[in-house]
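This report refers to the structure that appears directly beneath it.
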Amino acid sequence: MGKWTLLLGGLTIWAAHFFLLYAFASLFPGRDLARILSLAATLPALAASAWLLWFTVRRRQPQNSDDFGRWVGNVGALGAAVAIIAILWQALPALMV
Amino acid sequence: MTSETGFDPKLYERFPAPPRPDSEIADLKRIWTAPGGWARITAVNNNYIGLWYVGAAFLFFLLAGILALVIRVQLSAPLLGVLPQETYNQFFTMHGTLMMFLFAVPMMEAIGVLLLPQMLAARDLPFPRLSAYAFWAYFIGGLCFFMSIFAGLAPDGGWFMYPPLTSRTFSPGINADFWLLGIGFIEISAIAGAIEILVGVLKTRAPGMTLARMPMFAWAMLVFAGMIIIAFPAVILGTLLLELERALNWPFFDATRGGDPLLWQHLFWFFGHPEVYIIFLPAAGIVSMLVAQLSRIDLVGYHLVVLALLATAFISFGVWAHHMFTTGMPTLSISFFSAASMAVSVPAGIQVFAWIATLAAGKPRYNAPTLFLVGGLVIFVMGGLTGVMLAMVPFDWQVHDTHFIVAHLHYVLIGGAVFPVFAAFYYWIPSLSRRALSDRLGRIAFWLMFAGMHVAFLPMHLIGLMGMPRRVYTYLPGTGLGTVNLISTVGAFILATGIAVVLFDLARNFRHSVDEGADNPYGGGTLEWLSTGLYSTRSIPLVKSRNPLWDDPDLSRDVDQGRYFLPYSATGHRETLITSPLRAEPQYLQFMAGPSIWPLLSALFTAGFFLLLTVQAYTPAVISGVLAIPSMLRWLWDTDRPGDIGPVDVGAGVMVPTHVTGPSTHGWWAMVILLVVIFMMFLMAVFSFFFLLGIHPGFWSQPQDRWWAAIVVALYVAAAGLALFGRHLLTRATSTHWSPTTQVVFAAICAIAAYAIDWTNWRGQGIDGELSAQGAMSNAFLSLQGMLVAIVGLMAVFLALRTSRGLLTRPRSNTFDLIVMFLLYTAAQGSAVSLILRFGPGAG
């Protein structure tokens with residue numbers, strides 16, 4: 001289970017963040033509350049992804065795991081990095097639109 | 001090396017073991033033989049089912065292609081009368097529906113069923129009878145569905161069937177019912193196939209084939225199957241609701257009674273956009289694998305491509321509303337969807353760059369599969385670019401529902417899926433046929449198809465920008481649309497000529513053989529190029545790299561000499577080695593079911609049930625549905641054998657058990673996946689409930705006597721408790737033979753009682769299904785729950801029958817465990833339904 005979490009953690013946070021944004025925009029259409037909640041959801045999502053990135057990068061060290069463990073760490077770290085960029089990107093409309 | 005399951009990796013050092021006697025091969029052949037003559041249709045070996053599956057999908061591709069040619073003839077000049085308007089509507093609806101539902105998704109599943117066992121060196125996928133059922137259900141259902149066009153009864157509402165056009169008022173005939181029941185049923189077959197593939201890829205890989213060493217096609221199929229599990233329940237629910245609205249007048253999509261047509265669009269596109277990636281990802285897996293194999297090097301950026309597949313799967317569920325930019329959604333919402341739609345092109349871009357880099361770094365040759373790969377890549381990138389254009393909301397407003405969209409989707413799907421499938425044909429057919437296909441004919445076919453594709457669809461962008469809407473059967477002279485449309489039609493025929501050349505090549509050279517393939521003409525390095533029979537490979541190799549045949553030139557010979565795992569039948573039955581999901585460590589030996597008529601009959605009767613409902617032959621439909629139940633139970637009777645054989649030697653003294661229970665079993669995984677499917681349907685129903693409530697709260701009223709929910713929930717809790725108690729009793733040697741099963745039977749009675757009370761109480765509320773969306777949604781919830789409770793009842797009967805025949809193993813039994821899991825889920829969902837109906841936000 002731990003390896004699956006590392007592998008899919010970043011992407012799961014990204015997807016969960018997206019569905020929250022959609023929910024806020026649909027529940028409070030045309031109100032500033034939707035923007036505020038969107039930005040409020042963005043901060044923990046970014047923090048969680050950043051933590052995952054830090055954790056997976058550490059697991060890539062040779063002393064921490066074998067070949068397969070490092071491979072999972074690599075993919076997980078990239079997933080977390082992509083999630084950080086994607087979360088920032090998809091939250092931008094809350095500031096700009 | 002770390003272990004995932006407690007398996008000692010040092011045991012791997014025993015391989016390759018000394019060669020085994022050739023006499024053992026005769027045993028394998030005898031055990032895995034398929035029936036001959038007409039009885040061949042009862043075969044369940046992936047070699048046959050997979051091939052028939054591919055053949056059927058290709059047949060539907062050709063049929064849909066013929067419809068497309070007639071459509072293009074109709075549009076080749078203004079005011080032509082080749083197709084009357086109604087028939088034209090049926091043709092384009094059938095073309096889209098066949099291509100999406102009967103060609104694209106099944107073709108990918110079919111290639112998976114055909115090739116995955118060989119690629120993973122499994123004897124077969126874990127549920128061969130489920131594969132057979134999925135194939136027959138799809139083939140029988142698909143053919144009957146297609147026949148509707150000859151009776152003028154084919155659906156005519158477009159492949160996404162938007163209400164209110166498809167509601168009873170505007171589509172009073174049974175055409176729409178054919179789509180809703182036919183496609184809904186075929187999606188069930190797709191889910192069956194996805195469960196098979198998901199469990200197969202996770203649990204039947206050759207030892208040592210960790211996730212990091214898996215062929216890219218297997219990775220793609222894993223992601224593909226996972227996406228089907230999440231996405232397809234939405235469309236199954238949607239089709240169910242629309243059919244209920246049409247049959248029983250429950251107004252889910254009727255805005256005058258609290259429903260909303262936009263609900264359909266949400267449900268459909270929550271499935272529909274991931275569907276595009278469901279089609280694209282396996283094809284991308286084929287491309288990733290083939291560019292590396294044909295360039296004779298490792299794929300550049302393997303882990304990046306894996307990440308790209310996973311990222312596509314996740315974010316593709318966040319783009320459904322980009323099909324709805326013109327529906328007046330809140331600006332902020334569509335901006336989020338626009339951002340996600342742009343972001344989803346990034347993973348596709350990563351894959352494209354990895355493919356280009358692999359082609360550039362390797363030494364690809366000028367042959368048919370390489371041409372199809374590179375050609376497909378070019379076409380797909382062009383389609384991707386127009387996709388990014390369409391993610392811009394103002395541009396989308398401009399070209400929405402014009403031929404620009406038609407051009408875009410054909411570029412994406414033909415480049416992203418059709419060309420890779422043809423590459424796969426040319427690359428892999430030598431492993432299935434005594435003769436390879438002709439490379440010369442393949443190259444001719446490619447150039448015709450490549451040129452035809454551009455001539456047909458490039459002008460369509462222009463046609464769209466000139467303002468011609470899609471789905472109109474003709475246009476007026478003097479609009480300037482005649483010449484471009486004629487060019488497009490000529491292109492369609494050039495494309496069709498290319499496909500005809502492939503057909504000719506297949507007829508001339510394809511000679512199916514399960515054990516005499518035409519060697520390995522492209523020098524592939526993955527396991528499907530080991531010599532195989534109906535039992536797959538002689539022994540199951542230990543995998544140490546992504547291209548084992550390149551890295552160990554002796555591997556093929558050693559496998560043939562039986563120097564790896566399972567070089568014989570360890571139990572005298574059909575069996576395969578089950579390995580762990582991450583590191584593929586041997587866990588246990590699974591018995592596999594052999595040939596049987598029952599999956600075929602189950603498919604026939606389930607197809608009969610749905611299709612006879614379509615033509616409103618209710619009595620034969622019910623008879624057919626009732627007959628399907630014993631057929632399925634009889635098919636399942638042979639599974640979960642009592643564990644009367646102890647641990648066995650699977651080669652070089654490595655011992656594994658033959659009877660395992662709990663979370664490591666293939667059955668447990670399949671049940672969990674099935675419950676995810678059911679939960680997704682429930683989740684979509686909850687979304688529908690809140691969506692309608694949010695839009696039309698005035699149609700919601702407060703239920704009376706809400707305390708009845710307490711009785712319902714208490715009974716469901718009792719059902720769950722009894723089921724768990726039964727499972728506890730099973731492990732105790734002191735309990736009598738019958739007592740655990742009796743608890744499950746009582747649990748089922750409690751669940752049925754809970755449901756009956758819930759239903760009766762709700763019927764007395766006066767919130768009628770025909771009056772408002774609240775009544776309709778409540779009835780939908782209760783109908784879904786009723787199906788689960790009925791299945792629980794059947795399961796209890798099945799368990800009692802098995803117990804009476806002494807087939808219940810102790811202290812643990814897989815059948816028992818899985819039934820208890822299903823019961824617990826049913827109780828949880830039933831309680832949730834009862835509470836949502838009476839205490840949900842709309843209940844006051």
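The values are calculated or read from the model by the stated rules, or taken from the named source; none is laboratory data. As the structure is a prediction and not an experimental result, all values here were calculated from the model. Heads up, the Cβs are rebuilt from the backbone with ideal geometry, glycines too, and the neighbour counts pull from every protein chain shown.
General remarks:
- Among the conditions (1) of a type in the set (Ser, Thr, Tyr); (2) more than 16 Å from B:Leu799 (Cα to Cα); (3) part of a helix (DSSP H, G or I); (4) out of contact with any Phe, Trp or Tyr (no Cβ under 9 Å at 6 or more places or on another chain), B:Thr742 misses just one, which is (2).
- Within the span defined as segment B:192-199, every residue fails to be over 17 Å from the mean Cα position of the chain (by Cα) and surrounded by 24 or more Cβ atoms within 10 Å (Cβ to Cβ).
- Residue match in segment B:734-741 (condition: at pLDDT 95 or above and not β-branched (Val, Ile, Thr)): no
- Members of segment B:748-785 found to be small (Gly, Ala, Ser) and not in a helix (DSSP H, G or I), listed by number: B:Gly764, B:Gly766, B:Gly769, B:Ser772
- Given (1) touching a Leu at 6+ places or on another chain (Cβ under 9 Å); (2) modelled with pLDDT under 95; (3) outside any helix (DSSP H, G or I), number of the condition B:Pro126 does not satisfy: (1)
- Which listed residue, of B:Met787, B:Met777, B:Met795, is surrounded by 19 or more Cβ atoms within 10 Å (Cβ to Cβ) and more than 19 Å from B:Leu636 (Cα to Cα): B:Met777
- Matching residues in segment A:41-60 - criterion: being under 30 Å from B:Gly694 (Cα atoms) and loosely packed, with under 14 Cβ neighbours inside 10 Å: A:Leu43, A:Pro44
- Here B:Arg435, B:Arg471 are screened, and the one residue that is part of a loop (DSSP other than H, G, I, E, B), over 28 Å from B:Gly112 (Cα atoms) and basic (Lys, Arg) is B:Arg471.
- Where a residue in segment B:172-190 is within 13 Å of B:Gly157 (Cα to Cα) and its partner, wherever it lies, is charged (D, E, K, R), with Cβ under 8 Å and at least six apart: B:Asn175/B:Asp156; B:Ala176/B:Asp156; B:Ala176/B:Arg246; B:Asp177/B:Glu243; B:Asp177/B:Arg246; B:Leu180/B:Glu243; B:Leu180/B:Arg246
- Taken over segment B:674-704, residues that are modelled with pLDDT under 95 and either part of a loop (DSSP other than H, G, I, E, B) or under 30 Å from B:Asp644 (Cβ atoms) (or both) amount to 6.
- Annotation: A:Gln90 fulfils all but one of (1) more than 10 Å from chain B (Cβ to nearest Cβ); (2) surrounded by 22 or more Cβ atoms within 10 Å (Cβ to Cβ); the unmet one is (1).
- Among residues of segment B:726-756, those that are among the hydrophobic types (A, V, I, L, M, F, W, C) and surrounded by fewer than 16 Cβ atoms within 10 Å (Cβ to Cβ), counted: 3
- Screening B:Met329 against (1) in contact with a Ser or Thr (Cβ under 7 Å, 6 or more places away or on another chain); (2) within 14 Å of another protein chain (Cβ to nearest Cβ); (3) outside any helix (DSSP H, G or I) leaves a single unmet condition, (1).
- Members of segment B:522-544 found to be more than 15 Å from B:Phe15 (Cα to Cα) and either in a loop (DSSP other than H, G, I, E, B) or of a type in the set (A, V, I, L, M, F, W, C) (or both), listed by number: B:Tyr522, B:Gly523, B:Gly524, B:Gly525, B:Thr526, B:Leu527, B:Trp529, B:Leu530, B:Ser531, B:Leu534, B:Tyr535
- Conditions (1) touching a helix residue (DSSP H, G or I) at 6+ places or on another chain (Cβ under 7 Å); (2) outside any helix (DSSP H, G or I); (3) surrounded by 14 or more Cβ atoms within 10 Å (Cβ to Cβ): number failed by B:Pro811: (3)
- Helices (runs of 4 or more DSSP H) fully within segment B:11-102 counting 3 or more residues that are modelled with pLDDT under 95 and farther than 30 Å from B:Met655 by Cβ: none
- If you check A:Leu52, A:Leu21 for being hydrophobic (A, V, I, L, M, F, W, C), in contact (Cβ under 8 Å) with a residue 40 or more places away in the chain and more than 8 Å from chain B (Cβ to nearest Cβ), only one passes: A:Leu52.
- If the condition is being of a type in the set (Gly, Ala, Ser), without any contact (Cβ under 8 Å) to a residue 60 or more places away in the chain and either more than 14 Å from chain A (Cβ to nearest Cβ) or buried (at least 19 other Cβ atoms within 10 Å of the Cβ) (or both), then segment B:690-720 contributes B:Ala710, B:Ala714, B:Ala718.
- Evaluated against (1) at the interface with chain A (Cβ under 9 Å from one of its Cβ atoms); (2) within 19 Å of B:Asp401 (Cα to Cα); (3) surrounded by fewer than 21 Cβ atoms within 10 Å (Cβ to Cβ), B:Ala321 falls short on exactly one condition, (3).
- Within segment B:560-589, the set of residues being within 14 Å of another protein chain (Cβ to nearest Cβ) and of a type outside the set (Asp, Glu) comprises B:Thr579, B:Ser580, B:Pro581, B:Leu582, B:Arg583, B:Ala584.
- Within segment B:341-375, considering residues that are among the aromatic types (Phe, Trp, Tyr) and assigned to a helix (DSSP H, G or I), the one surrounded by the fewest Cβ atoms within 10 Å (Cβ to Cβ): B:Phe353
- Pick from segment A:24-35, criterion more than 7 Å from chain B (Cβ to nearest Cβ) and part of a loop (DSSP other than H, G, I, E, B), ranking: surrounded by the most Cβ atoms within 10 Å (Cβ to Cβ): A:Phe28
- Filter result (at the interface with chain B (Cβ under 10 Å from one of its Cβ atoms) and of a type in the set (A, V, I, L, M, F, W, C)) within segment A:55-74: A:Phe68, A:Trp71, A:Val72
- Enumeration of residues in segment B:376-393 that are at pLDDT 90 or above, surrounded by fewer than 17 Cβ atoms within 10 Å (Cβ to Cβ) and closer than 22 Å to B:Thr326 by Cβ: B:Leu385, B:Met389
- Set side by side, the residues A:Val82, A:Val97 differ, and just one is at the interface with chain B (Cβ under 8 Å from one of its Cβ atoms), over 19 Å from the mean Cα position of the chain (by Cα) and not hydroxyl-bearing (Ser, Thr, Tyr), which is A:Val97.
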